[in-house]
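Data block below; observations after.
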Amino acid sequence: MTAQLIDGNALSKQLRGDIARRAAALSARGATPGLAVVLVGENPASQVYVRNKVKACQDSGLHSVLEQYPATLSEADLLARVDALNRDPAIHGILVQLPLPAHIDAQKVIEAISPAKDVDGFHVASAGALMVGQPGFWPCTPYGCMKMLESIGYELKGKHAVVIGRSNIVGKPMALMLLQKNATVTICHSGTQNLKALTLQADVVVAAVGKRNVLTADMVKPGAVVIDVGMNRNDEGKLCGDVDFGGVKDVAGWITPVPGGVGPMTITMLLVNTLEAAEMAPTVARSA
Ligand code: GUN
C-alpha cells in the first residue's frame, strides 16, 4: 500500500468533540439544537441510516426526534408534518429520509422544508446558494468529502478534480464545492465516453455512482487523492465502496476506506448543519 488513509472515523471523532462543546453552550442558554428525522416506510437501509443519525445526535448532546410513519402515509399528511416541524421552535433541522414511497413527490416534500431548517441541503434555495457562492446549508456527503480534503491540507487550486456521478445529493454539489476552491472540475456519468482517459488525468477523483469497481487501479494517476462515496455490498455481503480499494491503494497517494471513510463524515456534517441552524435560530439571537 502506497496510499495514506483518510480516516473518516478519526476525523469525525475530532469534529464531534467540537460539535458537542458548541451544543453544550447552546443548551446552557436553553436552546439545545434539535433535529427531526422523518422516515416513511420500512426500507431496511433507511432504518439503519436514521437510527445512526439519531444516535449521533444523542452522543453529541443534540436533541433529536424520530418520526416513523407507514408506507401508506399520504403526501398531504407528510406535508402537514413538515409544516408543523417548520413551526416547532425546538426543532432546528428537518431531515426527511429518502427514498420516499412512489406515491409521494419527494421534491415537493423537500421544497416544503423551511430553507432555514434544510440541514440536508436539498432544497432548491440551498442548491441555489451553493451555486452562486452564498451562505446556505451544504449537502452533508460532499461537505464531508471537502472536510476530508481539508484535513490532509490538500490545496485544490489549479488541480484537476474528476467527479464520477451527477446526483443532486452528491455529484453535482461536490463539483460546485470543488469549483469554489478553484479546482478544474470534470463531471463524469453513465453517458461519459472513455472514463479512464479522464480519471487518469485527475489529481482528485470522487467516486459517487453506487456501483462496485467503478474505479480500478489502471484508471488512477499515481499519487492522486481518491474519495469513495459508494456504499455497496460485495458477493460476501460485506460493505464496500465504488472503488477497488485493494488495487487502487497501491497507486493513489491518499484514499478513503469503506467503511470508515465518507460514511461517518456524512453524519458529522449533518450535526454541523443542525448546530449551525440552531446557532442562527431567532430564539438564540433573542437570548444573546
Ligand atoms: N438517503 C440517502 N442519503 C440520504 C441523505 O443524506 N439524506 C436524506 N434525507 N435521505 C438520504
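The values are calculated or read from the model by the stated rules, or taken from the named source; none is laboratory data. Since the structure is predicted, the reported quantities are computational estimates derived from the model, not experimental observations. Here the Cβ positions follow ideal geometry from the backbone for every residue, glycine too, while neighbour counts run over all protein chains shown.
Looking at the stretch 21-49 only, could you name the residues that are in a helix (DSSP H, G or I) and surrounded by fewer than 16 Cβ atoms within 10 Å (Cβ to Cβ)? Passing the criteria: R21, A24, A25, S27, A28, P44, A45, Q47, V48.
May I ask you to say which residue of V54, V119, V162 is under 30 Å from V243 (Cβ atoms) and in contact with a Cys (Cβ under 7 Å, 6 or more places away or on another chain)? Step through it out loud before you land on a result.
Numbers: V54 fails: in contact with a Cys (Cβ under 7 Å, 6 or more places away or on another chain); V119 fails: in contact with a Cys (Cβ under 7 Å, 6 or more places away or on another chain).
After ruling out the rest, the residue left standing is V162.
When the residues of the stretch 56-76 are filtered to those that are small (G, A, S) and under 23 Å from A112 (Cβ atoms), which remaining residue is surrounded by the fewest Cβ atoms within 10 Å (Cβ to Cβ)? Applying the filter and picking the extreme gives A76. Before we move on, is V204 touching a helix residue (DSSP H, G or I) at 6+ places or on another chain (Cβ under 8 Å), in contact (Cβ under 8 Å) with a residue 40 or more places away in the chain and of a type in the set (V, I, T)? Spelling it out, V204 is indeed touching a helix residue (DSSP H, G or I) at 6+ places or on another chain (Cβ under 8 Å), in contact (Cβ under 8 Å) with a residue 40 or more places away in the chain and of a type in the set (V, I, T).
Taking the stretch 172-199, which residues are surrounded by fewer than 21 Cβ atoms within 10 Å (Cβ to Cβ) and either part of a loop (DSSP other than H, G, I, E, B) or within 16 Å of the ligand (Cβ to nearest atom) (or both)? Listed by number, the residues that qualify are K172, K181, N182, H189, S190, G191, T192, Q193, N194.
On the stretch given as the stretch 86-98, residues that are more than 9 Å from the ligand (Cβ to nearest atom), free of Cβ contacts under 8 Å to residues at least 60 places away in the same chain and not in a loop (DSSP other than H, G, I, E, B) total 2. With the requirement that a residue be part of a loop (DSSP other than H, G, I, E, B) and surrounded by 23 or more Cβ atoms within 10 Å (Cβ to Cβ), what does the stretch 111-122 give you? Those that are part of a loop (DSSP other than H, G, I, E, B) and surrounded by 23 or more Cβ atoms within 10 Å (Cβ to Cβ): I113, D118, V119, D120, G121, F122.
Checking K108, K53 one by one, the residue that is at pLDDT 95 or above, assigned to a helix (DSSP H, G or I) and surrounded by 16 or more Cβ atoms within 10 Å (Cβ to Cβ) is K53 and no other.
In the set (1) among the small types (G, A, S); (2) touching a Gly at 6+ places or on another chain (Cβ under 9 Å); (3) away from the ligand (no atom under 13 Å from the Cβ), S74 fails one condition alone, (2). As a summary of the residue check, R81 satisfies the conditions (1) closer than 24 Å to P282 by Cβ; (2) within 16 Å of the ligand (Cβ to nearest atom); (3) assigned to a loop (DSSP other than H, G, I, E, B) except for the one numbered (3). If you go through the stretch 155-179 and keep only what is over 23 Å from K196 (Cα atoms) and either aromatic (F, W, Y) or in contact with a Ser or Thr (Cβ under 7 Å, 6 or more places away or on another chain) (or both), you end up with just I169. Of all the criteria given as (1) within 19 Å of Q180 (Cβ to Cβ); (2) near the ligand (Cβ under 10 Å from one of its atoms); (3) small (G, A, S), the one not satisfied by S151 is (2). Considering only residues that are in a loop (DSSP other than H, G, I, E, B) and surrounded by fewer than 21 Cβ atoms within 10 Å (Cβ to Cβ), which ones fall in the stretch 200-231? Those that are in a loop (DSSP other than H, G, I, E, B) and surrounded by fewer than 21 Cβ atoms within 10 Å (Cβ to Cβ): L200, Q201, D203, G210, K211, R212, N213, T216, K221, P222, G223, M231. Of all the listed residues (L35, L26), the sole one being within 13 Å of the ligand (Cβ to nearest atom) and either in contact (Cβ under 8 Å) with a residue 60 or more places away in the chain or touching a Cys at 6+ places or on another chain (Cβ under 9 Å) (or both) is L35. The residue that is nearest to A277 (Cα to Cα), among those in the stretch 99-134 that are within 11 Å of the ligand (Cβ to nearest atom) and touching a residue at least 60 places away in the same chain (Cβ under 8 Å), is V119. Residues that are among the β-branched types (V, I, T) and not in a helix (DSSP H, G or I) were ranked within the stretch 250-271; the one that is farthest from the ligand (Cβ to nearest atom) is V251.
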